[in-house]
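Single-structure report; data block below.
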Amino acid sequence: QVQLVESGGGLVQPGGSLRLSCAASGRLFNWYTMAWYRQAPGNQRELVARIGRDGPPTYADTVKGRFFISIDNAKATVSLQMNSLKPEDTAVYYCNLNTPREAYWGQGTQVTVSS
(Lines give C-alpha, C1' and ligand atoms only; values in the text may rest on other atoms or scores of the structure.)
Protein backbone atom coordinates (compact mmCIF):
# COMPACT_ATOMS: atom_id res chain seq x y z
CA GLN A 1 0.00 0.00 0.00
CA VAL A 2 0.98 3.59 -0.63
CA GLN A 3 -0.15 6.69 1.20
CA LEU A 4 0.04 10.18 -0.26
CA VAL A 5 -0.41 13.35 1.80
CA GLU A 6 -0.56 16.73 0.07
CA SER A 7 0.14 20.12 1.62
CA GLY A 8 0.70 23.71 0.54
CA GLY A 9 -2.62 24.77 -0.91
CA GLY A 10 -4.34 28.02 -0.06
CA LEU A 11 -5.54 31.39 -1.27
CA VAL A 12 -3.25 33.49 -3.46
CA GLN A 13 -3.70 36.60 -5.58
CA PRO A 14 -3.37 36.46 -9.37
CA GLY A 15 0.28 36.56 -10.34
CA GLY A 16 1.36 34.98 -7.08
CA SER A 17 3.08 31.68 -6.36
CA LEU A 18 2.40 28.56 -4.34
CA ARG A 19 4.33 25.37 -3.75
CA LEU A 20 2.49 22.09 -3.29
CA SER A 21 4.15 19.08 -1.72
CA CYS A 22 3.15 15.44 -1.61
CA ALA A 23 4.77 13.09 0.87
CA ALA A 24 4.66 9.44 -0.15
CA SER A 25 5.00 6.50 2.23
CA GLY A 26 4.53 2.76 2.09
CA ARG A 27 5.59 0.35 -0.66
CA LEU A 28 7.34 2.75 -3.02
CA PHE A 29 10.00 0.55 -4.55
CA ASN A 30 8.21 -0.07 -7.88
CA TRP A 31 6.62 3.30 -8.65
CA TYR A 32 7.17 4.56 -12.20
CA THR A 33 5.41 7.94 -12.40
CA MET A 34 4.24 10.60 -10.01
CA ALA A 35 1.98 13.40 -11.06
CA TRP A 36 -0.27 16.28 -10.09
CA TYR A 37 -3.84 16.49 -11.33
CA ARG A 38 -6.48 19.12 -10.67
CA GLN A 39 -10.23 19.31 -10.74
CA ALA A 40 -12.25 22.50 -10.84
CA PRO A 41 -15.98 22.53 -10.00
CA GLY A 42 -18.00 21.13 -12.89
CA ASN A 43 -14.89 19.93 -14.73
CA GLN A 44 -13.18 16.59 -15.15
CA ARG A 45 -9.94 15.85 -13.36
CA GLU A 46 -7.06 16.83 -15.61
CA LEU A 47 -3.34 16.15 -15.67
CA VAL A 48 -1.20 19.12 -14.69
CA ALA A 49 2.32 17.66 -14.62
CA ARG A 50 3.93 14.22 -14.56
CA ILE A 51 7.42 12.99 -13.79
CA GLY A 52 8.92 9.53 -14.12
CA ARG A 53 12.03 7.74 -12.93
CA ASP A 54 13.70 8.60 -16.24
CA GLY A 55 13.17 11.29 -18.82
CA PRO A 56 11.97 14.87 -18.61
CA PRO A 57 8.73 15.88 -16.93
CA THR A 58 5.63 16.65 -18.99
CA TYR A 59 3.16 19.48 -18.48
CA ALA A 60 -0.29 20.49 -19.60
CA ASP A 61 -0.15 23.23 -22.20
CA THR A 62 -2.06 25.54 -19.86
CA VAL A 63 0.72 25.49 -17.25
CA LYS A 64 3.90 25.19 -19.33
CA GLY A 65 6.49 27.73 -18.30
CA ARG A 66 4.63 28.55 -15.08
CA PHE A 67 4.50 25.27 -13.14
CA PHE A 68 7.43 23.01 -12.35
CA ILE A 69 7.33 19.48 -10.93
CA SER A 70 10.22 17.94 -9.01
CA ILE A 71 11.03 14.90 -6.89
CA ASP A 72 13.16 14.59 -3.78
CA ASN A 73 13.88 10.86 -3.75
CA ALA A 74 15.55 10.98 -0.35
CA LYS A 75 12.38 12.41 1.19
CA ALA A 76 9.96 10.54 -1.10
CA THR A 77 8.31 13.85 -1.88
CA VAL A 78 7.01 15.28 -5.14
CA SER A 79 6.50 19.02 -5.36
CA LEU A 80 4.74 21.39 -7.72
CA GLN A 81 6.02 24.95 -7.89
CA MET A 82 3.27 27.14 -9.29
CA ASN A 83 4.16 30.64 -10.51
CA SER A 84 2.22 33.41 -12.23
CA LEU A 85 -1.02 31.90 -10.97
CA LYS A 86 -4.27 32.75 -12.74
CA PRO A 87 -7.87 32.55 -11.55
CA GLU A 88 -8.40 29.64 -13.93
CA ASP A 89 -5.81 27.66 -11.93
CA THR A 90 -8.32 27.49 -9.09
CA ALA A 91 -9.05 23.83 -8.36
CA VAL A 92 -8.47 20.97 -5.97
CA TYR A 93 -5.01 19.57 -6.71
CA TYR A 94 -4.38 15.85 -6.31
CA CYS A 95 -1.12 13.96 -6.03
CA ASN A 96 -0.91 10.71 -7.98
CA LEU A 97 1.54 7.81 -7.88
CA ASN A 98 1.49 4.91 -10.32
CA THR A 99 2.89 1.41 -9.93
CA PRO A 100 2.51 -1.41 -12.48
CA ARG A 101 -0.53 -2.65 -10.57
CA GLU A 102 -2.29 0.37 -9.16
CA ALA A 103 -2.79 4.12 -9.14
CA TYR A 104 -2.77 5.91 -5.80
CA TRP A 105 -4.27 9.29 -4.97
CA GLY A 106 -3.92 11.84 -2.23
CA GLN A 107 -6.89 13.49 -0.57
CA GLY A 108 -6.47 16.74 -2.49
CA THR A 109 -5.56 20.29 -1.53
CA GLN A 110 -7.52 23.39 -2.50
CA VAL A 111 -5.82 26.14 -4.48
CA THR A 112 -7.79 29.35 -4.93
CA VAL A 113 -6.49 32.22 -7.06
CA SER A 114 -8.48 35.34 -6.44
CA SER A 115 -8.06 39.02 -5.68
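The values are calculated or read from the model by the stated rules, or taken from the named source; none is laboratory data. Treat the numbers as computed from the prediction; the structure is a model and nothing was measured. Backbone-built Cβ (ideal geometry, glycine too); neighbour counts: all protein chains shown. Heavy atoms of the whole protein, side chains included, go into the accessibility calculation; ligands, DNA and RNA do not. Shrake-Rupley method; radii C 1.70, N 1.55, O 1.52, S 1.80 Å.
For ALA103, state whether it is of a type outside the set (Ser, Thr, Tyr) and surrounded by fewer than 14 Cβ atoms within 10 Å (Cβ to Cβ). Taking the combined requirement at face value, the residue satisfies it. Residues that are small (Gly, Ala, Ser) and at pLDDT 95 or above are absent from segment 95-103.
One residue alone among SER25, SER17 is polar (S, T, N, Q) and at pLDDT 95 or above, and that residue is SER17.
When GLN13, GLN81 are screened for being under 13 Å from the mean Cα position of the chain (by Cα), open to solvent by 30 Å² or more (accessible area, probe 1.4 Å) and in contact (Cβ under 8 Å) with a residue 60 or more places away in the chain, only GLN81 passes. Restricting attention to segment 84-93, the residues being surrounded by fewer than 21 Cβ atoms within 10 Å (Cβ to Cβ) and of a type outside the set (D, E, K, R) number 4. The residues on offer are PRO14, PRO56, and the sole one that is over 16 Å from VAL113 (Cβ atoms) and not in a strand (DSSP E or B) is PRO56.
Rundown of residues vs (1) surrounded by fewer than 17 Cβ atoms within 10 Å (Cβ to Cβ); (2) of a type outside the set (Val, Ile, Thr); (3) touching a strand residue (DSSP E or B) at 6+ places or on another chain (Cβ under 7 Å), yes/no style:
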{"residue": "GLN1", "(1), (2), (3)": "yes, yes, yes"}
{"residue": "GLU6", "(1), (2), (3)": "no, yes, yes"}
{"residue": "SER25", "(1), (2), (3)": "yes, yes, yes"}
{"residue": "TRP31", "(1), (2), (3)": "no, yes, yes"}
{"residue": "GLN39", "(1), (2), (3)": "yes, yes, yes"}
{"residue": "GLY42", "(1), (2), (3)": "yes, yes, no"}
{"residue": "THR62", "(1), (2), (3)": "yes, no, no"}
{"residue": "GLY65", "(1), (2), (3)": "yes, yes, no"}
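The number of residues in segment 75-94 that are at pLDDT 95 or above and outside any strand (DSSP E or B) comes to 8.
Residue check: is THR112 among the β-branched types (Val, Ile, Thr), in a strand (DSSP E or B) and open to solvent by 40 Å² or more (accessible area, probe 1.4 Å)?
Values: among the β-branched types (Val, Ile, Thr): yes; in a strand (DSSP E or B): yes; open to solvent by 40 Å² or more (accessible area, probe 1.4 Å): yes.
When the stated conditions are applied, THR112 passes them.
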